[in-house]
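One structure is given here, and the rest of the page talks about it.
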Amino acid sequence: MNNGITCKYCQSEHVSKFGKYKETQLYWCPSCKRKFKADSALFNMQKPPNYVTSALNMFYTGMSYGDISKFLEQEYQYKASKHVLYNWVNKYTDQAVEHYRNEHPKVGDTWIADETFMDVDGRKIFFWDIIDSDTRYLIATRASFTRGTKDAQMLMEAAAKRAGKQPKVVLTDKYRAYVDGIELAFGADTEHRQSRPFVAEDSTNKIERFHNTLKDRTKVMRGFRDIETLISFTDGFAVYYNHFRPHEALHNKTPAEMAGLDISIKNWGDVCRMPISKEEHLKDRAEPDIPRRRYKLDESFKKTRKPPKTSRLTQAGISIVEVKAKLPRLTPRIPREVRRQIGMGR
């Protein structure tokens, strides 16, 4: 056992030395049955953790991939391609979203709902969201091609499932889809108040302010490729907004702190260093499934003719030639003089 050394995968303290590799000490963890180096390197990553955490922070604060690459080149003399940065963001965004998927915030009884437009490949997509008036916690989001009662109902049901309760009051604008949507989701137990921004009472300013924060980030992206990309981004932005971004109106606390949630993970650096389970380790190391190649005979080959010495097979327009050659001899030929001496004839 080694004092001060913990497993970088499961955080276990019961580790032992496991030899060296190129003068680097290795350790063995009997808890998760994995070996590791006692350094700050991230799991399955070649670059130092400060490169990755800097990229994640800059991405969610509004910088483009090009600007992030320029910063890393100036600060660390490492020029990261947009593909590398995209993979970093996707990997740890998915990890953070999965970590917070089943949390239940302690929100108040007044919620504010609204919708806005997002550009997806030149097409307008409706983005629905609902926040808690007291904690500013973003409870639920939804992206849809339509803007109807069913969409409003699904947003309310998702928010109630996340919060573990129904609100007493829901504030919205005067869009008519909310009237029936709230009634179908909550019944008569929830009061629906229609309001607008910049009024003295029951204002929707708080959710409009959230939309401004969201638009400040998305304006440099110039739209999304597809709706799956939009959902992936908004899920990650919800984690950033609720858990990592301090709010001035909350005395520089995060909505997650105000909602009584666990705040042991305070930034993207903590997300990158979260323990990796054995199953996740094996999943990342597994080889990707490669589909079997399917061949078909080339049109130039005809059954009526004598088969040539080579058979041509095609795959995606590329001819693949299989040569039917004789196998080489496994043993050398016995010289004629030796054959006569041992009685093998001429």
Taking the stretch 220-232 only, how many residues are out of contact with any helix residue (DSSP H, G or I) (no Cβ under 8 Å at 6 or more places or on another chain) and closer than 27 Å to K165 by Cα?
1
Given (1) among the β-branched types (V, I, T); (2) in contact with a Ser or Thr (Cβ under 8 Å, 6 or more places away or on another chain); (3) under 21 Å from A249 (Cβ atoms), index of the condition I182 fails
(3)
So N102 clears everything in (1) surrounded by fewer than 21 Cβ atoms within 10 Å (Cβ to Cβ); (2) assigned to a helix (DSSP H, G or I); (3) not hydrophobic (A, V, I, L, M, F, W, C) except one condition, right? Which one?
(2)
If you go through the stretch 105-117 one residue at a time, how many are assigned to a strand (DSSP E or B) and either under 20 Å from the mean Cα position of the chain (by Cα) or without any contact (Cβ under 8 Å) to a residue 60 or more places away in the chain (or both)?
1
Between F186, F210, which is buried (at least 17 other Cβ atoms within 10 Å of the Cβ) and in contact (Cβ under 8 Å) with a residue 40 or more places away in the chain?
F210
Just one listed residue, out of T141, T149, T204, T135, is at pLDDT below 90 and β-branched (V, I, T), and it is T204
Which of the residues that make up the stretch 182-222 are of a type in the set (V, I, T) and closer than 30 Å to D121 by Cβ?
T204, I207, T213, T218, V220
Of all residues making up the stretch 154-183, the number that are β-branched (V, I, T), crowded, with 17+ Cβ neighbours inside 10 Å and more than 17 Å from R136 (Cα to Cα)
1
Report yes if some residue within the stretch 115-136 is touching a Pro at 6+ places or on another chain (Cβ under 6 Å), surrounded by 14 or more Cβ atoms within 10 Å (Cβ to Cβ) and closer than 26 Å to I263 by Cβ; otherwise report no.
yes
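The values are calculated or read from the model by the stated rules, or taken from the named source; none is laboratory data. This one's a predicted model, so the numbers in the text were calculated from it and none came from an experiment. Positions of Cβ are generated from backbone atoms using ideal geometry, with glycine treated the same way; all protein chains shown enter the neighbour counts.
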